[in-house]
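Since the structure comes first, as structure tokens, the remarks are kept for the end.
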Amino acid sequence: MTPPIAVCWDVDGTLLRAGRVGGSVLRAAFAEVTGLDAPEGVVMGGLTDRLVADAYRDLLPREAAAALHARGDEYGVSFAAAVTRAWAGRDAELAAVTAPLPGVPETVAALAAEPEVTQVVVTGNVRAGAEAKLRAAGLADPDGPLDLDRGAYGHLGGPRSTLVHAARAALEAHHDAPVVLVVVGDTPRDVEAAHAAGAIAVGVATGAASVDDLHASGAEHVFGDLSDPRRLVAVVRGTREDWSHTTRGGS
């Protein structure tokens, strides 16, 4: 029996662009939790919000960084909670700068028409941030195809692969069966996380990473963008067929 397939969507740079609102939120949260200004120079593409907290900490002068290290996991947990609070009331600001990327609504709709395909969000944003951005882009309809309850979000600590593992666990509990994952993201970190969790990686060069960067990271499939929904649908169908052939060959 062919297992269900889940498409795990990254948000920023893959589904949508949301301007610089997220950076403002993260800096406000850092100031709330530490009393310090967030340092410059953090390259955030592919990081979770918890990993951004670590990156801010590690760019501080030695004594200030040591004080945050001494707080242990409490620092990261407090930062994620502060980020969640800082997203409150940002809807109007987001609406002015946020838009889905080319072909995204059509691709999401095309995948929704495929049998046994679930679509979830696996994002470095905390859930409040992800939902705010998706609402602003018109992608968060409660009755729509994106299952926000079985995704994974950036309040979780650890490497980005933790998110993919968490999404797999939630989906397999829901289906009571193994699930094949296809992770769609715009950074090499998305690709690395997918492979670390046993998923197929699709790179989309609509963020800072180029097509060549995504190929070099080892993505099984790389697209310049999602303007042709048929391409990702074909990947999902092909993944199902490959799994079926492998299973029959090993039986």
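Here are some notes:
- Computed lengthening from Asp228 to Ala65, 0.36 nm per intervening residue step minus Cα-Cα distance: 54.1 nm
- Dipole of the chain, positive end: most advanced residue of Leu26, Ala167, Ala132 [Cβ charges, Cα centre]: Leu26
- Here the translational diffusion coefficient of the range 1-117 follows from Stokes-Einstein with Rh set to the Kirkwood radius across Cα pairs; for 4 °C and 1.567 mPa s it amounts to 79 µm²/s.
- If the chain linking Ser78 and Asp147 were pulled fully straight, counting 0.36 nm for each residue of separation and taking away their Cα-Cα distance, it would gain 22.2 nm.
- Computed with a 1.4 Å probe over protein heavy atoms only, the accessible surface of the range 94-144 comes to 39 Å² per residue.
- Modelled this way, with points 7 Å down the Cα-to-C-beta line, the labels at Glu40 and Ala99 are 2.9 nm from one another.
- Distribution of pairwise C-alpha distances over the chain, 10 Å bins, in %: 7, 31, 36, 19, 6, 1
- Loop-resident trypsin sites (Lys or Arg not before Pro) (DSSP state other than H, G, I, E or B) in the range 1-76 with no more than 15 further Cβ atoms inside 10 Å of their Cβ: Arg20, Arg71.
- For Phe30, the solvent-accessible surface with a 1.4 Å probe is about 0 Å², rounded to the nearest 10.
- Whole-percent carbon and sulfur share, accessible surface of the chain, 1.4 Å: 53
- Computed E for Asp212/Arg17 - FRET, C-beta separation, R0 25 angstrom, nearest 0.05: 0.70
- Each Cα pair under 8 Å and six or more residues apart adds its sequence gap; the mean of these over the residue count of the range 90-142 is a relative contact order of 53 percent.
- Once C-alpha pairs closer than 8 Å and six or more residues apart are averaged by separation and normalised to the residue number of the range 1-160, the relative contact order reads 36 percent.
The values are calculated or read from the model by the stated rules, or taken from the named source; none is laboratory data. Quick caveat: nothing in here was measured; it's all calculated off a predicted structure. Note that each Cβ is placed from the backbone with ideal geometry, even for glycine, and that neighbours are counted across all protein chains shown. Only protein heavy atoms, including side chains, enter the accessible area calculation; ligands, DNA and RNA are left aside. Shrake-Rupley method; radii C 1.70, N 1.55, O 1.52, S 1.80 Å.
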